[in-house]
Amino acid sequence: MKIIEQWDKEDSDFIRKKVIEHNLSNLPDVVKHPVKNISYILKDEDGRILGGITGTMFWYSLHIDFLWVDESLRRKGYGKELLYRIEAFARENKCRLIQLDTFRFQAPKFYQKHGYDVVGIVEEHPTLDSQQYYLVKYLIEKKGNEIGVTD
C-alpha cells in the first residue's frame, strides 16, 4: 500500500462516486432525489451576463452554489429576484430546504432578511477578521427532529 499526492480528475470522480454510493446505501429511498443543476442568469440587452444564481438539487434539498450581481446593479432588487426564482424552483421540485454558505464580506444579512437562518459560523475564516456563515431555509414545516417528505 502507498499514499501518493496527486490530483487527477478521473481519480477524484471515482472517489466522489464511491462516497455517493455509500451515502445512497445508507439513505431510505424516500429521500433519494435526482441530482439536478439549476441556474438563472441576468443578461443585458447585448447579452452580457450581469448576474446569476446557481444551485444543485439533491436529497430533496437545494444547495445555492453562487449568487452574484454586478456591482452597478446591486440594491436594485435583482439579487432578491434571482433568489426568489431559485426558491420557486426548489418548491416546484418538492425540496424540503435550501442551504448555502457565505462570508461576512458577502451577504449573510441579505439571506437572513429573506428568511434564512444561520446554523453555523466558522470564525477567522478566510481571514482573521472574517467569518464563514452556513445558512438554511426550510420550505416545509419541521416535524419533531425529522423533516417530513412530501409526495
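Of all the options Arg91, Arg16, Arg48, the one that moves most in a Gaussian network model of the chain with Cα springs shorter than 10 angstrom is Arg16.
3J(HN,Hα) along the stretch 40-53, derived from phi through the Karplus expression 6.51 cos²θ - 1.76 cosθ + 1.60 where θ = phi - 60°, amounts to 10, 10, 9, 10, 8, 4, 8, x, 6, 6, 10, x, x, 9 Hz, with x in place of Gly and Pro. All other residues whose Cβ lies under 13 angstrom from that of Trp59 are scored, Lys and Arg at +1 and Asp and Glu at -1, for a net of +3. When the Gaussian network model of the chain links Cα atoms closer than 10 Å, the mean-square fluctuations of Ile121, Ile98, Ile86 top out at Ile121. The chymotrypsin sites (Phe, Trp or Tyr not before Pro) of the stretch 29-128 meeting both criteria, a DSSP state outside H, G, I, E and B (loop) and at most 11 other C-beta atoms within 10 angstrom of the site's C-beta, are Phe105.
Over all projection directions, the Cα-based convex hull of the chain averages an area of 13.2 nm². Select from Ile41, Ile15, Ile49 the residue whose mean-square fluctuation is largest in a Gaussian network model of the chain (Cα-Cα springs shorter than 10 Å). Comparing Ile41, Ile15, Ile49 in a Gaussian network model of the chain, the most mobile one is Ile15.
Distances between placed amide hydrogens fall under 5 Å for Ser61 paired with Arg96, all partners being 5 or more residues away or on another chain. Other residues with beta-carbon under 13 Å from the beta-carbon of Pro126 carry, at +1 per Lys or Arg and -1 per Asp or Glu, a net charge of -3.
Only the coordinates and a few stated rules stand behind these numbers; no lab work does. Note that the structure is a prediction, hence the values are computed from the model and not measured. Note that we place each Cβ from the backbone using ideal geometry, even for glycine, and neighbour counts take in every protein chain shown.
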